[in-house]
Amino acid sequence: MGAPTLDDIELQLLLEAIFLRYHQDFRSYSLASIRRRLAAARDSLGFATLSAMQDAILRDARVFAALLQFLSVQVSDLFRDPSFYRALRQEIVPVLRTYPSLKIWIAGCSRGEEVYSFAILLREEGLLDRTILYATDLNPEALREAEAGVYPRERVPAFTENHRLAGGKGSLSSHYTARYGAAVFDRALRKQIVFSDHSLATDSVFAEVHVASCRNVLIYFDRALQERALGLLKGSLVRRGFLGLGAKESLHSSEHAAEFREVVRGERWYQRC
Amino acid sequence: MLTGPSRPRSLRPSAAIVMGGSAGAVEALGVILPALPAELGVPVVVVLHLSPRVPSLLARIFAPRCALPVAEPMDKQPLGPGIWFAPPDYHLLIERERTFSLSIDPPFRWSRPSIDVLFESASEAYGGSLDAVVLTGANDDGARGAAAVRQAGGFVLVQDPTTAEADEMPLAAIAAAAPQFVGTPAEIAAVLAAATTRGQR
């Protein structure tokens, strides 16, 4: 679409610099979102241009750490899209019961909303004690927050309503304690979760799992990186293992589509053939 | 100040239309969208502020009333002709290669989806061949985006604030973007219906 603008050139160079210096690969991210995020970082960190920010990033890892927070700002909910979790409970949990032990991978867990949703649901179904949940993200700060499992009190009403709509058994409040205006999730939930650094862009498969869930992460990737990530998710799944995606993500036009079947029509649950 | 509808002067065909609104905008869209002809060969992309926890009914409400196909886009779906509603609790963006992207970045100025986010990304993708429409609403979302569209040479239309259920959104857009057209929903519909033939004999 014509010659690249100065903004395009600066953006490309910055992503290349980040990759060469820190081995974090944002070069195949969707341009529209990352352009907004970088502009927000540039303004907030007080740089006039992306080039000026690049200079600081190359020389100071703390500036890169600060930038990384702007590159992983997604905000989810506990039990976001309750019908997805209803389908997990009704269609997939009965199959999971047949395994003596379970491994589940939450890829791109960000600040942990999804992994706690899974852990709570599994506890309610009596499966948590035999499950290991791998929660991975490329942002160490997000992983620390996820591991802490602390959410501001004002988010709890939405969490509670989603939990109820997702078919939650009993009260969500039995899974957290209220402290200093925050909800702190139960240590026993965290005991089953392994938090770990992993990039869908640069790392490979690290475990064999029965369920892989990667929701609202692929939307930030371009087509090629989406295919790479889906390949990793597929490669991690046992035969007849389950893949969960976000409400607006689909295997429909993926090269991996033929190796999966849709579990529940309209919900983003797929089973590896 | 406003002295009735101004006449559109920007006479070039449009490649895409983006629209945004909040309070009262379902009614305004009820006038505009059914008036768009089936042969309008451009995408019409709409952001409405709604409760994030209500599954979107907009596509289902509007489909039977519109000549154009109506849908919610999936991530990376190409923009084709028809009416596209932003799904609830996502930002909707447009990539340069004219596909949709979704994001769960934080609400921008308290809104997700945000009209500004749609308009600014659409402006990057379409430059001067974009029409942007700001409807009735109770905050200033859309004003920055409309200004970006205007800056890039696009055509900005704003609902006449005196006809708006909530006038804050159209007033903010008028102040920020100096729109080429201000009118009632019916007048806006008439301008948009000619979007692809505009400026041609």
If you build a Gaussian network model of chain A, linking Cα atoms that sit under 10 Å apart, which residue out of A:F70, A:F47, A:F195 swings the most? A:F47
Ranked from fewest to most other Cβ atoms within 10 Å of their own Cβ, B:E168, A:E154, A:E249 fall in the order A:E154, B:E168, A:E249
Paired Rg and Dmax values of chain A, which use every Cα atom, in angstrom: 19.4, 59
Under 30 Å Cα to Cα from A:K234, which lysines show up? Leave out anything in the same chain fewer than 8 places away. A:K103, A:K191, A:K248, B:K76
For region A:6-71, state the semi-axes of the equivalent ellipsoid (square roots of 5 times the eigenvalues of the alpha-carbon gyration tensor), sorted largest first and rounded to whole angstrom. 15, 14, 11
Using helices alone, I'd like the mean residue ellipticity at 222 nm for chain B: each DSSP H run of four-plus residues gives -39500 (n - 2.57), total over residue count, nearest 500. -7500 deg cm²/dmol
So, in nm, how far is label B:A71 from label A:R130 when the simple model puts each one 7 Å beyond its Cα toward the Cβ? 4.2 nm
The protein assembly as shown pair-distance distribution - Cα-Cα, 10 Å bins, rounded %: 4, 19, 28, 25, 17, 6, 1, 0
Test of understanding: express the Cα radius of gyration of region A:97-246 as a ratio to 2.2 N^0.38 Å, with N the residue count. 1.04
Rh_Kirkwood(chain B) over Cα pairs, Å, one decimal, evaluates to 16.2 Å
Averaged across the residues of B:94-103, what count of C-beta atoms belonging to other chains lies within 10 Å of each residue's C-beta? 6
Can you give me the relative contact order of region B:16-193 as a percent, contacts being Cα pairs under 8 Å and 6 or more apart? 23 percent
Cα pair count fraction exceeding 19 Å, expressed as % - region A:1-122: 59 percent
Taking 7 Å along the Cα-to-C-beta vector as the label spot, tell me the B:I61-A:D7 distance in nanometres, rounded to one decimal. 3.3 nm
The rounded separation in angstrom of the Cα centers of region B:76-113 and region B:144-193 is 20 Å
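Coordinate-derived values only; no laboratory data. Only a predicted model underlies this, so the values are computations on that prediction, with no experimental measurement involved. Cβ coordinates were reconstructed from backbone atoms using ideal geometry, including for glycine residues, and neighbour counts include every protein chain displayed.
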